[in-house]
Amino acid sequence: MNTTEKLAPGAPPSADFIPLIVPEICGNEWKYIKECLDTNWVSSVGSYVDQFERMTAERAGTKFAIATVNGTAALHIALLLAGVQAEDEVLVSTLTFIAPANAIRYVGARPVFIDAEPKFLQMDPACVAEFIERDCRWDGVELRNRRTGRRVKAILPVHILGHPVDLDPIMELASKYSLQVIEDATEGLGARYRGRNLGSIGDVGCFSFNGNKIITTGGGGMLVTNNAEWAARARYLTTQAKDDPIEYVHNAVGYNYRLTNLLAAMGCAQMEQLDEFVEAKRRIATSYRESLADLPGVRLPEEAEWAFSTFWMYTPLIDEKQSGIDSRQLLRKLNENKIQARPLWQPMHRSPAHDSAGSPPCPVADAIHRQAISLPSSVGLSASSQRQVIAVLAGLIGQ
Ligand SMILES: Cc1ncc(COP(=O)(O)O)c(C=O)c1O
């Protein structure tokens, strides 16, 4: 096996490699999944689906939760609920995994990419305000992008790396300009903004339970909302929009987006352990902070005074001049030392998959992208493995 194969996302790392993030399966996963197998309740209805939805709603602090096959599907449905239509525009973080930008395209709408703020690396509310107030026209009913003439319908802040976006100013703008807010909280389960759980603050929130998330079902997602009508619509759309289950009458085009009972069983077992997982992530972050603080040119992740971060994926920024090594060289050296690390995603305004012509410039995200490097952050990262990562970093930086 060559190094590239070893590092393929989602592939189990070889035993001698310290992985970036792998699942932690040490609770009731076997028991609950076995129960599904023993009782034949393996498909898309079953008590574990209902239970997983209840547990997620409780955890997010919303009235409703609807399980989906993955987080991208939840985002797709959330955009439909928000009434986003073809040729509308949606303001979305540029510094994100590509899924939310893709979901915007699934409904035929256009993403407008918004820059990050430099401190916590999240969507910058000042850039949202600047775009709306400088580049858009408000006629008292609708907001339109002056340059493209398209209607701006929603804001999709993505809480990245376990830290919240500063949402209050974004919610204020949304209320002033009649915009819906869809929170992509897929990396933020367990994190809080001013005491409120992520996913519960906007009109609708989305979670992912893929293999690297703080809890996992292998693949899975969830949509949360306090809006009863939207919840019913989400349930309808995720189950093929079936109006008559006997005669198979469908009054709309639906989607086969429902999570299976088997995977929901795993989700319940994982959700039972969420508090411990958050504690573990925060402990790992504290160890990194205490050990790496004095390395030259390394800017460590911060937690805003209004935030409770899970530090889901620990991502420092490396200043090449001060540290004597650039982030990509460091990445290669870590890999040579059998430590899996990775850069952040190409910012969406640079992605060949999307057109950023209607978006404002995003220089901060570009700078973050050059410098960011994510370090091993598994819940089960042992103290000795973490010491090894820290020792290798100390040997490479400032030499
Ligand atoms: C920010 C963000 N949004 C959406 C997703 C998509 O979730 P999924 O892979 O479950 O479709 C992910 C992760 O994969 C993500 O990190």
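Charging the Cβ of each Asp and Glu at -1 and of each Lys and Arg at +1, and nothing else, the dipole of the stretch 113-264 about its Cα centre rounds to 120 debye. Taking a sphere under 13 Å around the Cβ of A383 and counting the other residues whose Cβ falls inside, with K and R at +1 and D and E at -1, yields a net charge of +1.
With K and R counted +1 and D and E -1, the other residues having a Cβ less than 11 Å from that of R147 yield a net charge of +3. Using the Cβ-Cβ distance between A394 and Y248 with R0 = 45 Å, the FRET efficiency computed as 1/(1 + (r/R0)^6) comes to roughly 0.10.
Which value, in nm² and rounded to one decimal, describes the direction-averaged projected area of the C-alpha convex hull of the stretch 299-399?
Values: hull surface 34.1 nm².
So the Cα hull casts an average projection of 8.5 nm².
Evaluating 6.51 cos²θ - 1.76 cosθ + 1.60 at θ = phi - 60° for every residue in the stretch 251-259, the Karplus couplings come out as 8, 8, 7, x, 9, 8, 10, 7, 6 Hz, glycine and proline recorded as x.
With +1 assigned to the C-beta of every Lys and Arg and -1 to the C-beta of every Asp and Glu, and no other charges, what is the dipole magnitude of the stretch 28-103 about the Cα centre in debye, to the nearest 20? Could you put the intermediate results ahead of the total?
Values: 5 positive and 9 negative charges, 53 e Å.
Computed about the Cα centre, the dipole is about 260 debye.
In terms of distances greater than 26 angstrom between alpha carbons, the cross-link table entries K63/K242; K119/K213; K34/K338; K63/K213; K119/K281 yield K34/K338. Amide H to amide H, with H built 1.01 Å from N, S359 comes under 5 Å of F113, counting only residues 5 or more places away or on other chains. Using the Karplus relation 6.51 cos²θ - 1.76 cosθ + 1.60 with θ = phi - 60°, the per-residue 3J(HN,Hα) values for the stretch 209-226 come to 10, 6, x, 9, 7, 5, 10, 9, 10, x, x, x, x, 7, 10, 10, 6, 9 Hz, with x marking Gly and Pro.
Please identify the longest segment of the chain free of exposed GluC sites (Glu not before Pro), where exposed means a DSSP state other than H, G, I, E or B and no more than 15 other Cβ atoms within 10 Å. Walk me through the intermediate numbers first.
Numbers: sites that count: E87, E142, E247, E272, E302, E305.
The answer is 143-246.
Here, P(r) means the percent of Cα pairs in each 10 Å bin from 0 to the largest distance; for the stretch 288-333 it is 25, 50, 22, 3. Amide H contacts of G190: L198, each under 5 Å away and 5 or more positions distant or on a separate chain (H built 1.01 Å from N in the peptide plane; Pro and chain starts excluded).
Among beta bridges from DSSP that stay inside the chain, the antiparallel ones total about 60%. The convex hull built on the alpha-carbon positions of the chain has an orientation-averaged projected area of 20.3 nm². For Q180, the amide hydrogen comes within under 5 Å of the amide hydrogens of A154, I155, counting only partners 5 or more places away or on other chains and with H modelled in the peptide plane. Once both labels are positioned 7 Å from their Cα atoms along Cα-to-Cβ, the gap between R350 and R105 label points is 1.8 nm. Once the Cβ-Cβ distance of E130 and E35 is raised to the sixth power relative to R0 = 45 Å, the FRET efficiency obtained is 0.25.
What number comes out for accessible area per residue over the chain if the probe is 1.4 Å? Units Å², please.
Values: 17030 Å² over 399 residues.
Ligands and nucleic acids excluded, the result is 43 Å² per residue.
The values are calculated or read from the model by the stated rules, or taken from the named source; none is laboratory data. Here the structure is a predicted model, which means the values were calculated and not measured. Positions of Cβ are backbone-derived with ideal geometry, glycine not excepted, and every protein chain shown enters the neighbour counts. Quick note on the areas: whole protein, heavy atoms, side chains included, nothing else; ligands and nucleic acids left out. Shrake-Rupley method; radii C 1.70, N 1.55, O 1.52, S 1.80 Å.
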